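So the structure is just underneath, and the comments pick up after that.
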Amino acid sequence: MEASQIELITKMVMEAMTKQECADGYMVPVGVSARHVHLTQEHVETLFGPGYHLTKKKELMGGQFAANEQVTIVGLKLRAIENVRVLGPVRKASQVEISATDAMKLGVKAPLRESGDTAGSAPIAIVGPKGAVYLNEGCIVAKRHIHMSPKDAAQAGVKDGDYVSVKAENERGTVFDHVKIRVDDSFTLEMHIDTDEANAGQIRTGDVVRMIRQ
């Protein structure tokens with residue numbers, strides 16, 4: 001058999017396998033996202049001191065990192081949660097991402113939003129070792145989503161902005177609908193859910209779930 005024929009057959013088999021995988025469900029690893037804070041450089045310096053810069057603890061996807069720095073977040077009724085991780089690099093606007101349970105504990109009405117969509121969201125105070133910042137808006141509960149590279153998206157048969165369902169095939173058998181696909185060259189394949197969703201579905205970071213196209 002000629003090399004060109006072998007190459008053609010291999011390509012046909014791979015395409016058939018991909019189509020079957022997409023029909024049966026595309027497997028995606030999970031990352032459980034705990035409460036965290038994004039800060040502007042101005043707010044970093046307010047909280048940690050003039051000229052201060054975030055220091056890197058752990059690399060994350062998309063050029064982000066978990067910083068060594070932690071803060072306390074305070075709700076309107078002076079209810080607080082300590083040791084909240086800061087994520088870097090700095091952003092154009094500060095933002096606090098919490099779970100619905102955290103929102104109840106803090107006494108804030110944090111809306112369910114995509115990261116970065118903070119217009120009209122809940123107010124929150126952030127306290128660091130050198131100072132405090134009050135945000136008139138900026139506290140949200142982040143929507144669940146799946147990060148994908150363009151190659152992953154092509155294999156799964158989805159595109160940026162699509163919505164899919166996801167099933168955790170464990171004893172709870174939890175199904176998550178309205179999961180947004182986010183595609184970027186810097187992303188690695190991972191579904192992000194918050195701690196409330198993870199606890200409800202008995203899911204831990206590193207577990208694998210099945211993505212089903214709607």
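The values are calculated or read from the model by the stated rules, or taken from the named source; none is laboratory data. The model shown is predicted, which means the values in this text are computed figures rather than measured ones. Cβ coordinates were reconstructed from backbone atoms using ideal geometry, including for glycine residues, and neighbour counts include every protein chain displayed. Ligands, DNA and RNA are excluded from the accessible area calculation, which covers all protein heavy atoms including side chains. Shrake-Rupley method; radii C 1.70, N 1.55, O 1.52, S 1.80 Å.
Starting from the Kirkwood Rh over alpha-carbon pairs, what translational D in µm² s⁻¹ does segment 16-135 have by Stokes-Einstein at 25 °C and 0.890 mPa s? The diffusion coefficient I find is 156 µm²/s. The angle separating the long axis of helix 3-24 from the principal Cα axis of greatest extent in the chain is about 50 degrees.
Ignoring ligands, DNA and RNA, what accessible area per residue does the chain give at 1.4 Å, in Å²? Write out the running numbers ahead of the final one.
Working: 11800 Å² over 214 residues.
Value for the chain: 55 Å² per residue.
Shown is the FRET efficiency for THR188 and ASN68, computed with R0 = 22 Å from the Cβ-Cβ distance and rounded to the nearest 0.05: 0.45.
How large is the helix-only mean residue ellipticity at 222 nm for the chain, computed as the sum of -39500 (n - 2.57) over DSSP H runs with n ≥ 4, divided by its residue count, in deg cm²/dmol to the nearest 500? Don't skip to the answer; put the middle values down first.
Values: 5 runs with 50 residues, N = 214.
Result for the chain, helices only: -7000 deg cm²/dmol.
Across SER94, SER33, the residue with the most accessible area heads the list, and the full order at a 1.4 Å probe is SER33, SER94. Placing pseudo-labels 7 Å out from each Cα toward the beta carbon at ALA100 and ASN83 gives an inter-label distance of 2.6 nm. The aspartates and glutamates within cross-link reach of LYS77, meaning a Cα-to-Cα straight distance under 15 Å and a gap of 8 or more places when in the same chain, are ASP102.
For the pair ASP177 and THR40, the difference between a 0.36 nm per residue extended length and the Cα-Cα distance amounts to 46.0 nm.
Grab every C-alpha pair in segment 67-197, bin the distances at 5 angstrom width from 0 up to the longest one, and report whole percents. All Cα pairs, binned at 5 Å, distribute as 2, 10, 17, 19, 18, 14, 12, 6, 2, 0 percent. Bridging of LYS143 to lysines at a Cα separation below 17 Å is possible for LYS109, LYS167, LYS180, once same-chain residues fewer than 8 apart are set aside.
Across the options PRO89, GLY161, ALA110, the greatest Cα extent toward the positive end of the charge dipole of segment 63-198 (unit charges at beta carbon of Lys, Arg, Asp, Glu) belongs to ALA110.
The accessible surface of the chain, taken with every protein chain in place and a 1.4 Å probe, is 52 percent carbon and sulfur. In segment 157-214, one over the average inverse separation of all distinct C-alpha pairs is 12.1 Å, which is the Kirkwood hydrodynamic radius.
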